Amino acid sequence: MQKTHFKTVASSKISISELMLPSHTNFSGKIHGGYILSLLDQVAFACASKFSGYYCVTASVDRVDFINPIDVGELVTLKASVNYVGNSSMIVGIRVEAENIQTGKIKHCNSSYFTMVAKDENGKNAIVPGLELHHEEEVRRFINCIKQIDLRKERDLHEEKYQYSVADALAILKNYPVLVSIK
């Protein structure tokens, strides 16, 4: 499909900041990863919806790396932009940074990639604008998304191709630290 309408990566950019409270912590006293995932999903939705002009849903999350823990009292900022567009889908790249508001020190805490799909008022997939690339970094990100899509397709093909029998699977498991107790 040939796109006729294009929007810039810059037009998709969005950021949100939130102070991390004690109510956001896990049992170790750090900010709960599930809470950060919820914020990631929110910013991905806002970014994709802003860019496409449609309600968007999360189709998949590809790789969520928790790099550094986040502490209570830090200001967390999530920065998102559309890195890739298909017909109705967009890959939104998100960077999470935490700032110690007393020292000003900023640390990179998370990078994530959400595939979002635009939906029209009837819940059908909607066509999204093409993506206008103006910087080498935007080109690099778009190409990396193409690689990511290809790897996902390869992984899916691999899973489809290698359907193991129980006997084969049990033979493979002998090389791993598992105890199989099948009755």
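Here are a few things to note about the model shown:
- ASP71 meets all of the listed conditions (1) more than 15 Å from ARG141 (Cβ to Cβ); (2) assigned to a strand (DSSP E or B) but one, namely (2).
- Residue check: PHE27 meets all listed conditions (1) touching a residue at least 40 places away in the same chain (Cβ under 8 Å); (2) more than 16 Å from LEU75 (Cβ to Cβ) but one, namely (1).
- Being in contact with a strand residue (DSSP E or B) (Cβ under 7 Å, 6 or more places away or on another chain), crowded, with 22+ Cβ neighbours inside 10 Å and over 21 Å from LEU151 (Cα atoms) is a property that holds for GLU74.
- Residue within the range 157-179 that is closer than 22 Å to VAL9 by Cβ and among the aromatic types (Phe, Trp, Tyr) present: no
- Qualifying residue in the range 36-59 (condition: within 19 Å of GLN148 (Cα to Cα), outside any helix (DSSP H, G or I) and not aliphatic (A, V, I, L, M)): yes
- Residue in the range 153-165 that is open to solvent by 60 Å² or more (accessible area, probe 1.4 Å), at pLDDT 95 or above and either within 18 Å of the chain's Cα centre (by Cα) or among the acidic types (Asp, Glu) (or both) present: no
- Selection status of VAL96, modelled with pLDDT of 95 or more, closer than 30 Å to THR4 by Cα and either hydroxyl-bearing (Ser, Thr, Tyr) or in contact with a Leu (Cβ under 6 Å, 6 or more places away or on another chain) (or both): no
- Total residues in the range 120-144, condition farther than 12 Å from VAL82 by Cα, among the β-branched types (Val, Ile, Thr) and in a loop (DSSP other than H, G, I, E, B): 1
- Looking at VAL57, VAL64, just one residue is modelled with pLDDT under 95, open to solvent by 30 Å² or more (accessible area, probe 1.4 Å), touching a Phe, Trp or Tyr at 6+ places or on another chain (Cβ under 9 Å) and farther than 20 Å from GLU138 by Cα, and that residue is VAL64.
- Annotation: GLY104 fulfils all but one of (1) touching a residue at least 60 places away in the same chain (Cβ under 8 Å); (2) closer than 27 Å to ASN26 by Cβ; (3) not hydrophobic (A, V, I, L, M, F, W, C); the unmet one is (1).
- In the range 1-35, residue least open to solvent (accessible area, probe 1.4 Å) [restricted to those that are in contact with a His (Cβ under 7 Å, 6 or more places away or on another chain) and in a helix (DSSP H, G or I)]: HIS24
- For the range 136-154, the count of residues that are closer than 22 Å to THR8 by Cβ, touching a Ser or Thr at 6+ places or on another chain (Cβ under 6 Å) and without any contact (Cβ under 8 Å) to a residue 60 or more places away in the chain is zero.
The values are calculated or read from the model by the stated rules, or taken from the named source; none is laboratory data. The structure presented is a predicted model; accordingly, all values stated were derived computationally and were not measured. Methodologically, a virtual Cβ is constructed for each residue, glycine included, from the backbone with ideal geometry; neighbour enumeration extends over all protein chains shown. Surface areas here come from the heavy atoms of the whole protein model, side chains and all, with no ligands, DNA or RNA. Shrake-Rupley method; radii C 1.70, N 1.55, O 1.52, S 1.80 Å.
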